[in-house]
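This report concerns only the one structure given below.
Please treat every number below as a calculation from the coordinates, not as lab data. All values derive from a computational prediction rather than experimental measurement. Don't worry about glycine lacking a Cβ; one is built from the backbone with ideal geometry, like all the others, and counts go over all protein chains shown.
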Amino acid sequence: MGQRVGLGSELKPLGVGAAKASPKRAPSSDGQSCRDQTRNRRIELADSLSFFETPQPDMEASIEEGLSTRQEWKSLQEQIRASEHDKKAASESRLPSLKFDGQWNYEGSSSTTGIPTYNYALAATMPLFTGGRIHAEMVRADLDIQKLQQQQADLRNQIALDVKTALVNLDSARNQVRVANLGVQLSKEEVDQARDRFKAGVANNIEVIQAQDSLARANDNQIAALYRFNQARADLARSVGQMEKVYAK
């Protein structure tokens, strides 16, 4: 009994071969029905292969998406914002300040003998001699901002490189899938032609076996191409910061 397996929604012949004989059992109607169902059953290994026929993402839009969603980019933006706040705080610390404190208490051994007490204070400060502390804090904040901005520029270039590389690999993998699908189609036609020639008596079964072997290799190439295509899709999702959104269950 020939065995057929499917990739996607199409059946693929495995080739000429013989399965190991199973122990003989007494024939029964239930056993015959089970064998008939097994013989007619379609084995599906994957979804339809048409899923890769999706439009190629735009490079500039993908780079902007990566800059808006990748966590390391957001982290640098927050660090720059914090350094700018530190610089502003250091700059404003040279301004005069006015502080008001107050306190009110009710003291006594009982509620009838207690008396209210209060204390109010008003203090004004004017930083005149700070020993260059404020200027040093502002310079340090400026250096931190410049350092973070340089890291941000490097990260921008890295994200752009990741996206461009992922898009190039995705386009290459897409072409490999097309070539692999064409190879499977041609191998099918070769198998059909070899069978027709064998039925017509102008060729032997060796030609059929060779054609089926070629089809099996074409199926392997198709599976490898689909794997590379999915790997390229995952790399693109990672480069634009959408890995969890695309692949999270």
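Observations on the model:
- Computed log₁₀ I(q)/I(0) - Debye formula, equal Cα scatterers, no solvent, the range 171-249, q 0.14, 0.22, 0.25 Å⁻¹: -0.58, -0.91, -1.01
- In sequence order, the range 121-130 has phi-based couplings of 9, 10, 10, 10, 10, 9, x, 9, 10, 10 Hz under the Karplus curve 6.51 cos²θ - 1.76 cosθ + 1.60, θ = phi - 60°, and Gly or Pro positions carry x.
- Counted charge near P127, where neighbours are those whose Cβ lies closer than 10 Å (Asp, Glu -1; Lys, Arg +1): +2
- Kirkwood hydrodynamic radius over Cα pairs of the range 93-249, then Stokes diffusion coefficient at 25 °C and 0.890 mPa s, in µm²/s: 101
- Förster radius 45 Å - calculated FRET efficiency between Q185 and A82, Cβ distance, rounded to 0.05: 0.15
- The modelled label-to-label distance for the pair R178/N119, using points 7 Å beyond Cα in the direction of Cβ, is 8.4 nm.
- Directionally averaged projected area (the range 100-193, Cα convex hull): 18.9 nm².
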